[in-house]
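Asker: If you scroll down you'll find the structure; I have some questions about it.
Each value in this text was obtained by applying a stated rule to the coordinates, not by laboratory testing. It should be emphasised that the depicted structure is a prediction, and the values quoted were computed from it without experimental measurement. Reconstructed Cβ throughout: ideal geometry from the backbone, glycine too, with neighbour counts over all protein chains shown.
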Amino acid sequence: MLTDMGHISVVLVDDHEILLDGIASILGDQPGIRIVGKASSAEAAEALVEQFHPDVLITDVSMGGRSGLWLTEEVRARFPLTRIIVLSMHDGVQHIHSLLEAGADGYLLKSVKQEELLQAISKVMAGEQYLQQSLAPSYARALRQQQDAEQQSTLSPREIEILRLVVQGHSTAEISARLYLSEMTVKTHRKNIGRKTGAKTPLSLARYAGDNGLM
């Protein structure tokens, strides 16, 4: 129960109506939660977030049109106060890592029990990141193995993609159009790339990419 946290406003997005209505029914029965919007696409969900500025966005990943990854990146860049929980059928480590790197605050499987869904909402509202308990051990183990094996870059797949486009001479506006991201999202990625690599100019980024085999 979330009654001690006051009203938490939530936007839900999933392209399966039955699942969307089921989650809405579960959360709507909680006195501490208020569903302010439901959407069946990432684009519609972004519009709802812009309209209502919810405390929490709960999103699917694989949808018709743009994906939950795109939505996560957009909401994180444009509405940083909204907590994002991904509700997915995918349990692959790289898949989870991509969503968390994109800015998701929580990651759950669609088979999650009601109690853990509510726990995840409480945790992200408290400023913590939440990964479903059944996923945590394998994810932590895979991350350790990856960190031991990786020697070239701490950049996410999206950041590497944008780095390559910058080195190729594309502007922020061109990258935005090419990747279907807002210019604000691209600028955020470029800022993170600079922070992680220490490279601030296209020339130094090109040198970093070449030295680390990213081109």
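Asker: Sort M63, M184, M125 so the one with the fewest other Cβ atoms within 10 Å of its own Cβ comes first. Don't skip to the end; give the middle numbers.
Answerer: Values: M63 22, M184 13, M125 17.
Least to most surrounded, the residues fall as M184, M125, M63.
Asker: Assuming 0.36 nm per residue, please report the length gained on full extension of the stretch S9 to Q114 beyond their Cα-Cα distance.
Answerer: Working it through step by step, the gained length comes to 36.0 nm.
Asker: Would you kindly derive the ³J(HN,Hα) couplings of segment 131-140 from the backbone phi angles with the Karplus curve 6.51 cos²θ - 1.76 cosθ + 1.60 (θ = phi - 60°), listing them in order in whole Hz, with x for Gly and Pro?
Answerer: 10, 3, 4, 6, 8, 4, x, 5, 5, 4
Asker: Going by how many other beta carbons lie within 10 Å of each one, how would you line up M89, M215, fewest first?
Answerer: By the 10 Å Cβ count, ascending, the order reads M89, M215.
Asker: Name the most mobile residue of H95, H53, H189, meaning the one with the largest mean-square fluctuation, in a Gaussian network model of the chain with Cα contacts below 10 Å.
Answerer: H95
Asker: For the chain, what's the relative contact order in percent, using C-alpha pairs closer than 8 Å and at least 6 residues apart?
Answerer: Numbers: 307 pairs, mean separation 30.2, N = 215.
It rounds to 14 percent for the chain.
Asker: Further question: Any idea what the dipole of segment 1-148 comes to, in debye rounded to 20, about its Cα centre with Lys/Arg Cβ at +1 and Asp/Glu Cβ at -1?
Answerer: So the dipole magnitude of segment 1-148 works out to roughly 260 debye.
Asker: Give me, ordered by chain and number, the residues 5 or more places off K38 or on other chains with an amide H under 5 Å from its own placed amide H.
Answerer: For K38, whose amide H was placed from the backbone, the distant partners under 5 Å are L12.
Asker: Only one of the listed values, [x] 15.8; [y] 14.3; [z] 12.0, was derived from the coordinates as mean projected area of the Cα convex hull in nm²; which label is it?
Answerer: [z]
Asker: How far is helix 157-167 tilted off the main Cα axis of the chain, in degrees rounded to 10, range 0 to 90?
Answerer: Once rounded, the angle reads 40 degrees.
Asker: On to the next question. Add +1 for every Lys or Arg and -1 for every Asp or Glu among the other residues with Cβ under 10 Å from the Cβ of R158, and state the total.
Answerer: Neighbourhood net charge equals -4.
Asker: Pull out the extension gain between H95 and E50, defined as 0.36 nm times the separation in residues minus the alpha carbon to alpha carbon distance; nm, one decimal.
Answerer: Working: separation 45, 0.36 × 45 = 16.20 nm, distance 2.63 nm.
Extra length available between H95 and E50 comes to 13.6 nm.
Asker: Counting Lys and Arg as +1 and Asp and Glu as -1, what is the net charge of the other residues whose Cβ lies under 11 Å from the Cβ of L20?
Answerer: My count for the surroundings of L20 gives -4.
Asker: Note the count of lysine pairs whose C-alpha atoms are less than 26 angstrom apart in the chain, limited to pairs 8 or more residues apart or on different chains.
Answerer: 8
Asker: Given M89, T59, S182, which one lies farthest toward the positive end of the charge dipole of segment 59-215, if we put +1 on the Cβ of every Lys and Arg and -1 on the Cβ of every Asp and Glu?
Answerer: Checked the options; the winner is S182.
Asker: Cα gyration tensor of segment 48-168, axes a ≥ b ≥ c as square roots of the eigenvalues: rounded (a/c below 1.5), prolate (a/b > b/c) or oblate?
Answerer: The shape class here is oblate.
Asker: Do you know the relative contact order of segment 157-211, to the nearest whole percent, from alpha carbon pairs under 8 angstrom that are 6+ apart?
Answerer: This gives 39 percent for segment 157-211.
Asker: Then there's this: If Lys and Arg each add +1 and Asp and Glu each add -1, what is the summed charge of the other residues whose beta carbon sits under 12 Å from the beta carbon of P202?
Answerer: Charge balance near P202 sits at +4.
Asker: For Y180, Y208, what's the fewest-to-most ordering of other Cβ within 10 Å of each Cβ?
Answerer: Final ranking by Cβ density, sparse to dense: Y180, Y208.
Asker: Additional query: Tell me the mean residue ellipticity at 222 nm calculated for the chain from its helices only (DSSP H runs of n ≥ 4, each -39500 (n - 2.57), averaged over every residue, nearest 500).
Answerer: The helix contribution divided over the chain gives -16000 deg cm²/dmol.
Asker: If you take the square roots of the eigenvalues of the alpha-carbon gyration tensor of segment 1-88 and sort them as a ≥ b ≥ c, do you get rounded (a/c under 1.5), prolate (a/b over b/c) or oblate?
Answerer: In terms of gyration-tensor shape, oblate.
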